[in-house]
Structures are given as structure tokens and as C-alpha cells.
Amino acid sequence: MGRIFYSTLAIGIAILIVLVSTTSKHKPAVVAHPESAPPNVTPQIDSIRTDLSGYIWPTEADRIITSTFAEYRRLHFHGGIDISTGNGTGFNVYAARSGYVSLIRVSPVGYGKMLYVRHPDGYSTTYAHLQRFNTEIEERVRKEQRARGRYPVEIPCSPNDFPVKKGDLIAYTGETGVGSPHLHFEIRDENLDFVNPLLCRNVVTQDSLHPTIRAISATPLGENSLVNGQWVPARYSARMVEANVFTIIDTIQITGQVGFGINARDKSNGSRFLNGLYSHELFIDDSLICSVTLNRAPSEDAHQIGLYYDWRLIREGKGRFEKLYVDSPNDLHFYHPKTADAGIIHTAAFAEGPHDFRIVSSDISNNRAELTGKLIINHPPRFSIKTSKDGLKVVFDKTEGLRSILVFTRRFGGDFWNKQSITPHQNDHAVDLPTTASNYDIVKVIAENLWGTESRPQFYFQSTPQGSAGRIRLEHEFEKDFIRVLLRAEGDITSPPMMRVYEGTKELNVQFFPLELDQYVATFRPLSSFHGTRRLVASAEVNGAIATTSVEFDLHPISVGEAGTISYDDGKIQILYDSTSVLETVLMRIGKYSRDDAPEIYSLEPYHAVLKKGLTVRMRIDPDTEKQAIYFSQGRSWTMLSSTHDSITNVLVGRITRTLGELAVLVDDEPPSITRIQTSRSRSRRPQISFGFADDLSGVDYNELNMYIDAVPVIPEVDGEHRRAIYQVSEPLERGSHHLTIRLKDKIGNTAEVQQKFTVQ
């Protein structure tokens, strides 16, 4: 919702003490409306702050919901419910509770025509995508549009302007704004946060259908965390066992800190629409680990949906997974327990070995689906290879739970490993290896525990090969709060590699761990106090000779409570942050590239980082070039961020408030287009005039869309989604020739004008 509304409504909250009497000349006619809930539905009451039992179903349209509360939208939670109107328009919309109309909004995009009704307890209801308002409100809107000379208006109202009683007719359903015909209905609390309308006993639908669980995800959340031996998220498809019972066939092995996510959908009776669910519970061995109950969602910080839905999995095309864990500070109040790491499975807190897990997902009518599966919670065996006068030994940190030791031997240059398996005694901390120095050059040892989890390999070289070193290279991956480095070699790495990390004046030694003979891995946490180039220098003995390599990259950590300026590309772009910019430390990377639509694009990564209050952007421009602006993208089309220009420094200033992404200074000197002007014939001399419009880059400024008939301003209905405007002449025109003028500006000031004559018979 717009910030203007937040300010307006906040002032209203402070001023309003009691709701004035609803007796007024503006009072709409009262329409009878049933309040009884459908049978067989358990009433839901949110008793935290108010009694929600007084709300009624807000329309005469059927009780079919096409989208439920808090469903996924790309950059925000769905703040209410969408009610089907059967692809039609014009159904009555009723005040769901007594109060007064506090705000009227008319927009060509977004929610279209929308009403806000304020109630005595400080709560509000909203009604969006309306076709038109009731007679009294419609007259007020037309008056304001004529006075301002434009279609979009936002009209704050006092308690005396349009008081309403529960059940009063306030509007009619439509399809204004974005989307097909439906009614979008919200309830907001006194803090303007979204409240689930289905908590109201009278705002419910017939629903006896159980949800469907499609899949779950398991995500490693730390440097030493693994899922099935890998550090990347794993996806598991659910298999239906019987009605509303699902299972995961694979046993999931986890180590360290791991979070589960769920992909589930729901239907209600008589509806073909797939909806979101109301609650999820995660159990391990019948102990509740975490629950999610979607009673409320933030409005001002609705972009924090990126902390609830796993954006990484969405970007990878793996599906929409709701996180059953908290891995970032947030303003999401629907997790329980309300702790900083709710739902994260810390395997050190569990006994090693097999465990059962269970996820119960419910819709608001308490139809449930249950998913079960098996976990192996354990830690790979840890050991080292030692030499003695009798040969080689494997020395373990602990021996409990060991099942076998796999010993592989090979000659230099050989293609195959010889394999032997040893079963250790339960209390053997050191185990002799059955090797003979004459039959191998390399020994590889892997230990396996009772649950089938294998350790990382360890290597021992009986001798050192003689030859030229193979080349090595470094690859780095950015995780949330650390960096993973892979070292790959063209040959056998014959002694453990080493790496030094240089961050300004600081140096850090980092240890590698083996993955294979030619691959090692390391992790490190960069200094949050240093902005700039990190230099990684690694050395390794490959084929018996030393090889070195290095890699550099820029990194700009933005920490909570800190303020500063990041300058890049000789100061062409600056990023300013303050103590409220981020929810948690963001390891920001800045890159530069070009493509056909922009010569200089600056990428700010990671794209899935969720900001708090955001970052200020300053970008240098050519002072001799006009119509320049900052544009923002997340891999899609460009959106104009700002054309605010400091003429002294020749800098454009803008602000990104939700996520990181791509920035560019682009020139838009192309005016918008006005097309397909049509004038209908009318025997009543009241023709309908329509036209299309478009703008390729900056976007249409709807406040500057003007239409005149014989130099007299008129206000057309503007459909921003379909880029079409329609004006229905209200008073009969004189027969003969008339002059039509249409003027249109884009958001950077380019102007288009079309003049055309039409004839009224």
C-alpha cells in the first residue's frame, strides 16, 4: 500500500477517539445481508487484540476464494483474500463492519478502485479492484477528479463524510487495477498490519478438502552443515500413502544446522483454485520443533516475504517452499517459538542415529495433511592417518557408532583403486591398515558409521611423484555469511594445500579439507569491517611439485547499526547505508557489465538479500544529456527508480528499499505513444471514446494523462494493466464536428499529443 495512506491513516488513529454517529445525509441505503456462517465450519477467533466475530462476508458474490491470506507474491505477502465473482462484475460490496470510509483511492494500476473503512476498535477493512462506488462516494470521486484534472485520486475522509453500518452497500465488484474480475478484501489491525480475514467466523467458506503436500526441502545453514553429504539444499518429492497422508521415501541424512521447507497447496469445495495453507507444524520424534500460523503478516515490510519463502529455491526453479525455520531477523510474527533460530535443527542437540520427522499442514477449516519421513542425525567420523614402525594406523576422535573402514590403494598414474573393508572393534581408537609398502603409492581412507554416513577422505602418500606440477585454480561461492572456496588441480594433490586471505592489512590462514585427490574445500568468514578487494593466495603440492594461484574479488559487507558509503567504478556509483539499512549483515558484491538495452549495468548481489529500510544510490551522469534517470531491475524489465538530479554535482539520487538488483542510468527521450483512437456512433449523441497508450521505458505518468473535448477537460477511465482509456460522454453533444485532444506524459517528462476531429450525427 502507498506510504501516503500510512501517514493519513496514522493521523486518523491519533485524532479519532470515538466514532461519530452513523446518522448522516450521506448514509447509503442499508441492504439486508446474511451473517450466518456455513455449516460444519469451526469458528476461528483471534482474541489477541479484538473480537473478529462481528465481521460479515463483504459481497453478494459466492463464497469461493481464489487466493488466501499471506500467499506468495514476488515482493509482498498477499494481504487479504480474493473472492471470486465468476469472471463477472457489478456484484454488491458491503461494509463488513460498522465504521466510516477513511480513504478512497482510484488508481489505473495495482488495486484499482479501492475503499478503506475504519472501525471503532482501530481496525480497518479494505475493498479493492472495484468497478464503481455507491452513489454518494462516486459523486465525491468525480468531483475530486474534475477539480484535480486527472483520473488517479486519493481522498482522505473524515468520520462525518461517509459513515457506514455493517451491511451497507458501499461499492460494486470489478476488475480495475491488475487481475481478472474479483474482490480483494483485507482486514488490518491498529498497526496497519494484515490480519487473516478467515479468522472471522462469518468470513469463511465451505471447505472439507484436505491439503496436498507436494515436496519438502532440507537446507544446510552453516559452514559445516550437510544434507546427504552435500552443502546445497535438497528437494524431496512427497508420495501419497493414503488420503491426506504423505511420506518421503528417501532417508535424509543431516549434519550441523539444517532447516526444512514445505511446498503444499489447498483447495476448497466447488473451487478449481489452488490456495495457500493456514498453518504448519514440524515434529521430530513427536516433539514440536516449530510451528507457523498465518494469522498476521506485515504491511509496511511486506517484502520480508523473501524471508519466509525460500527465494533461492524459487530462482532455481525448484518450487515455492515456505521456510519452517527462522534464519534471519525479521518482523514476521507467525513463527513459534519466537526465537532467533526457531525451527533450525541443531543436530548436536539430538542423539546420533535414526529419528522420525513429521509435518502437519492445515487449512483454516482444520483440514489436515500429514507427511512423515526418516532422518539420520549424525556426524561423519573424524580421524587422521598416522605412521608407525608397523605401518599405517587410522586414529579416531571417537569410535562409538563406527561400522567399517574403507581402504583404497593405488599406484601413481593408475586408473583404478584397490578396495578393502575393515570392521573395527567397538573400542579401537587406532586401527592398523592392511597395506604393504610395495603394492601402493597412495592410500585413501574413508570411515563409515552405523547409519551409512561416510567421512571425507583422507590421503597418505607412500612416496612423492617426480614431475612438473599440474596447475591449480580457485573457485569461490558466496553463502549467506561466509565464503566457500574450492581448489581444483590438474593432477594429484600430494600434500594438504594452504591458503592465505588478505583483507586490507589483515591476513588469515585458512585450512583446506579433501574432497578428492584433485579437489579440496575451505571456508572463511570475511571481515565485516573491511570494504574492498579480498585476495586469496593458495599453494599446493601437485604431482610432487609446488603450484600456486590467486584470485581477487571485491566485497562490501553492510552491517546492522553501521553507516557508510561504498564507491565503485571511480565514483560513478555510490551506495550509502545507515544503521537501519539492513536486517542483518549483507555481503554485497558490485559488478559491471553491459547488454543491448544498457551500456553500463551495475549488479548489486545477492539479489535475494532482503533489506530493512534500504540503501541510497548516487549515480554520476553526463551533464550535457537530458532525460536521464536511474532504473532498477531484478533480471526483468527496467523500473524507473529516480530522476532526482543534483545539478551542482551532476548526480542522480535514488533509493532501493526491498532487495538488491541491477542499476543503470538510461536516457529516455522517446515520448509515449497514443494509439487506436476510436469513437463510437451514438443516437443519443453520447459517444464512447477510447484510445490505447504505451511507454517503453519510464512508464506512463497517469497524473499527466489529459483528455479534452472542444477544449473542455474530461476524465476517462484508465486501465493501466491493458493500457487503455475509455470515456463515456455523459451529456449529449451538439450535432456536427467536435475536436478531441489527448495529451500524455511519461514519468521523465516526455510528452505526446494527438488531436483529432469526430462527428456527432
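Of note:
- Nitroxide proxy distance, nm - points 7 Å out along Cα→Cβ at residue 688 and residue 546: 8.3
- Set of aspartates and glutamates near residue 506 by C-alpha distance (under 16 Å), chain-local residues within fewer than 8 positions excluded: 552, 554
- Computed FRET value (nearest 0.05) for residue 423 with residue 572, which takes r as the C-beta separation and R₀ as 60 Å: 0.40
- Reciprocal mean inverse distance between Cα atoms of the range 472-551 - Kirkwood radius, Å: 12.8
- Isotropic mean projected area of the C-alpha convex hull, the chain (nm²): 41.2
- Separation between Cα centres of the range 250-320 and the range 178-219, rounded to whole Å: 14
- Pairs from the table (627/747; 393/444; 592/627) lying more than 19 angstrom apart at Cα are 592/627.
- Over the chain: helical MRE at 222 nm, DSSP H runs n ≥ 4 each giving -39500 (n - 2.57), nearest 500: -1500 deg cm²/dmol
- Members of 318/338; 113/757; 113/267; 480/613 lying beyond 24 Å, as alpha-carbon distances in this model show: 318/338; 113/757; 113/267
- Couplings 3J(HN,Hα) of the range 450-466, computed from phi: 4, 9, x, 7, 9, 6, 5, x, 10, 10, 9, 10, 5, 9, 10, x, 10 Hz, in residue order, whole Hz [Karplus 6.51 cos²θ - 1.76 cosθ + 1.60, θ = phi - 60°; x for Gly and Pro].
- If R0 equals 45 Å, the separation of the Cβ atoms of residue 710 and residue 180 corresponds to a calculated FRET efficiency of about 0.80.
- Applying the criteria of a DSSP loop state and at most 12 other Cβ atoms within 10 Å to the trypsin sites (Lys or Arg not before Pro) of the range 234-285 yields 272.
- Think of the chain as having a plus end and a minus end, set by charges on the Cβ of Lys, Arg, Asp and Glu; of 742, 183, 761, 761 sits farthest toward the positive end of this dipole.
- The gain in end-to-end length when the residue 232 to residue 505 segment is fully stretched comes to 95.0 nm, 0.36 nm per residue minus the alpha carbon separation.
- Difference of contour (0.36 nm per residue) and Cα-Cα distance, residue 390 to residue 340: 12.8 nm
- Label-point gap, in nm, between residue 404 and residue 73 - each point 7 angstrom along Cα→Cβ: 5.6
- At full extension, residue 645 and residue 484 could sit 53.9 nm farther apart than now, given 0.36 nm per residue minus the alpha carbon distance.
- Relative to the Cα centre, the charge distribution of the chain, modelled as +1 at Lys and Arg Cβ and -1 at Asp and Glu Cβ, gives a dipole magnitude of about 1320 debye.
- Taking a straight Cα-Cα cut-off under 21 Å and skipping sequence neighbours fewer than 8 places away in the same chain, the lysines within cross-link reach of residue 374 are 323.
- Taking a point 7 Å out from the Cα of residue 287 in the direction of its Cβ, the residues of the range 247-275 whose backbone N falls within less than 20 Å of it are 252-261.
- Contact order, relative form, for the chain: 8 percent (alpha carbon pairs under 8 Å, 6 or more residues apart, mean separation divided by residue count).
- Two-site FRET efficiency, residue 657 against residue 439, from Cβ-Cβ distance with R₀ of 56 Å, rounded to 0.05: 0.25
FYI, it's all coordinate maths here, none of it is from the lab. No experiment lies behind these values; they were computed from the predicted model shown. Please note: Cβ atoms are built from the backbone with ideal geometry, for glycine as well, and neighbour counts cover all protein chains shown.
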